[in-house]
Amino acid sequence: MSKIGYGGDYNPEQWPREVWDRDYEAFALAGIDTLTVGVFAWAHLQPAEDRYDFTVLDAIVERACAEGKRIVLATPSGAMPPWLAHAYPDACRVDFEGRRHVYGQRHNACPSSPDFRRLAVALADRLAERYGDVPAVVAWHVGNEFGGSCWCPLCGRGFRDWLRRRHGDLDRLNHAWNTAFWSHTFTDWEQIPPPNALSEHWRGPDHTAFQGITLDYRRFQSDALLAGFLAEKAALRAHVPDTPVTTNLMGLYQPVDYHRWAPHLDFASWDNYPPDHASPARMALAHGLVRGLKDGAPFWVMEQTPSTTASRDVNPVKRPGVLRLWSWQSVAHGADAVLYFQMRSSRGACEKYHGAVLDHSGRTDTRVFREVAAVGAEFARLGDVTLGARTPARVALLVDWDSWWAVELSDGPNRAVRYPDVLTAYHRALWQANAALDVVPVTADLSGYDVVVAPLLHLVKGDLPDRIAAVLARGGSFLTTVLSGRVDEDDNAFLTDGPFADLLGLRVEETDAQGADVVNPVAFGGRSYAARHVFELIVAEGGTDVLGTYGADFYAGTPAITRRGNAWYVGTLLDDAGVAAVVRSVLDHHGLAGPLADVPDVEVAERVTPEGERLLFVLNHGATTVTVPCPAAGVDLLGGGDLAAGDDLVLVPTAVVLLRCQ
């Protein structure tokens, strides 16, 4: 690559050939150099089980090559064709209520179906054989946004096989699931059904009588989807041993444990669709999470919308300048490619109003197209400056899908506690302080970090406590929160005070839960902060400092925030201001608050090139113009000119400054 990849999903099979000519004229104007093709083309490529037709895809690939475009070639298993579901009904999923679905929508295939797997792999094999030697194909894209679950008999059989591999024998399984409770002891593998509304659940997927059973089923479903990815990847590898293979992930997506997938991705990529039009911190978290999948290596934004989504009840457009701001934010956090869905608006179906580089008429005089072209021109001028650059971080935020699943499956203490909410609150505090941050799994090497933050780390597995102890032993800090360290990898409660008790110097005697309208003030650092939902009654051991106390109820005056050495514990859910105060105290102890940490809505992120050059990004996510001191001396690669440290930077809303530091 000679520059940041720029382009996106292109589906020319949906339009007449004369439209293609106009499209490529527009692509040239917008600086588009990368096209993802074939994502949903299964019905065109294989109109019947015994017949393949590559005529249209041949023309698409030939035209892209002739125009000098780089191609990301997809396997189309994200949406099976009607003939497949008709011929093999067991390829259709069974839902949580036990209903067998008929053909429709996408993501509609059972991951355990041998017929679906066989046909998807066969098509991947044919695609790789036909196009594997095309030099323009720079990456392979397997499927699309893997996700969803199935509870069919095939998945039940697959689950039992998975359980045999995980637990080995029924004695181990019964111990792991605590089946002595409610007379659940299994004496034969065939007695185990998938946990759904017909078996262990009531009210919905998060309400289960046996959390261990459902936790294992979620692990199995994530692994079953991964098995499909790996089968297609193996078919590709038979013909293309060197071209990288990826699939588009979805950031903070609960059903699939991306940490289990990470070793099998040649590079990580994801689709950036934030929940609203004011989510810069959440996007930074997702960028960091995806970057952390491959030990900090650059990733791709495989999809973002140029203007609006179409999948929500209300779909606002991106305001002027936001497309550029968010595109550069992704680069600031490690993206080496920024791609769109979609290149041209679909004529019909559920995405006909989804934003695109080109609208239905293909106009190039729209605001959206002008902004897309402006970003393309900036990427072209920048060239390869940012490619391969990494983020130097001394702060680690731990993310764990097992904890996410386990804490939200738990009966008690409070179902209002949602893992992403707590995770994003602590990340937001780190982001607002402009701390150089990695978002990593609990299995990551922590030896390079001075601060480790692990909010709501409910489930503890492996040697993590020992690795946390090593961080503390060399003078680093550890911050964790309410409901952490409660259960083991099978979701059974520890029969001691938990694996972090000695490190934190405390035990939790009781856990109070209240409705969202109940606020207990917590005094910390001379101020009072609101706490809600869960309130742990903490007994601090000798040598543990009580830094924050509850202000109300029968436990008023007892510990809410403690510290033993550099091990911090927050025994409740503080408001954003309270979380920020605690996080800032931890960062300041190590001098790790970043530049402009006290300027609201101004983000500063750093990347370091393989040659050791520092690149500093300054982005204004606020609604007003602010003037700030330049955080370092350097050359402004976007605006031009030299800047000295301390010079006034006037940042209008959506402003982006990229400094090559001297």
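Bear in mind these aren't lab numbers, they're just calculated from the coordinates by the rules spelled out. Since the model is a prediction, treat every value here as computed from it, not as a measurement. Note: ideal-geometry Cβ built from the backbone for every residue, glycine included; neighbour counts use all protein chains shown.
Some notes on this structure:
- With contributions of -39500 (n - 2.57) from each DSSP H run of at least four residues, the per-residue ellipticity at 222 nm computed over the chain stands at -9500 deg cm²/dmol.
- Over the chain, relative contact order from alpha-carbon pairs under 8 Å, at least 6 apart, %: 11 percent
- Cβ crowding within 10 Å averaged over residues, with 297-308, 152-163 ranked highest first: 297-308, 152-163
- Take every DSSP beta bridge whose two residues both sit in the chain; close to 55 percent of them are antiparallel.
- Net charge, Leu506 excluded, C-beta distance under 11 Å - Lys, Arg +1, Asp, Glu -1: -3
- If R0 equals 60 Å, the separation of the Cβ atoms of Arg118 and Asp642 corresponds to a calculated FRET efficiency of about 0.45.
- Under 5 Å, built H, 5+ apart or other chain: amide partners of Thr75: His141, Val142, Gly143
- Proximal aspartates and glutamates to Lys294, defined as alpha-carbon separation beneath 12 angstrom and excluding residues fewer than eight positions away on the same chain: Asp266, Asp438
- Extending 7 Å from the Cα toward the beta-carbon at both Asp576 and Leu230 defines two label points whose distance is 4.2 nm.
- Here's the list of lysines a cross-link from Lys69 could span, going by alpha-carbon distance under 16 Å and ignoring same-chain residues fewer than 8 apart: Lys3.
- Per-peptide packing, taken as the mean over residues of other Cβ atoms within 10 Å, places 377-387, 598-608 in the sequence 598-608, 377-387 from highest down.
- Neighbourhood charge, 10 Å Cβ-Cβ cut-off, centred on Thr609 and excluding it, Lys, Arg +1 and Asp, Glu -1: +1
- Local charge for Phe267 was computed over the other residues whose Cβ lies under 12 Å away, with Lys and Arg +1 and Asp and Glu -1, and equals -1.
- Prolate/oblate/rounded call for the chain, Cα gyration tensor, a/c under 1.5 rounded: oblate
- Shape category assigned to the range 153-210 from the gyration tensor of Cα positions, a/c cut at 1.5: oblate
- Dividing the mean sequence gap of close Cα pairs (under 8 Å, 6+ apart) by how many residues the range 24-166 holds gives a relative contact order of 27 percent.
- Taking a ≥ b ≥ c as the square roots of the Cα gyration tensor eigenvalues, the range 395-590 comes out rounded, since a/c falls below 1.5.
- Most tightly packed first, judged by the mean number of other beta-carbon atoms within 10 Å of their residues, the peptides 260-268, 111-119 read 111-119, 260-268.
- Inter-label distance, nm, simple model (7 Å from Cα along the C-beta direction), Asp445/Ser311: 3.6 nm
- Computed E for Glu489/Lys294 - FRET, C-beta separation, R0 22 angstrom, nearest 0.05: 0.35
- A straight chain from Val608 to Arg22 at 0.36 nm per residue would run longer than the Cα-Cα distance by 207.0 nm.
- Segment Ala377..Glu13, full-extension length gain: 128.3 nm, with 0.36 nm per residue of separation and the alpha-carbon distance subtracted.
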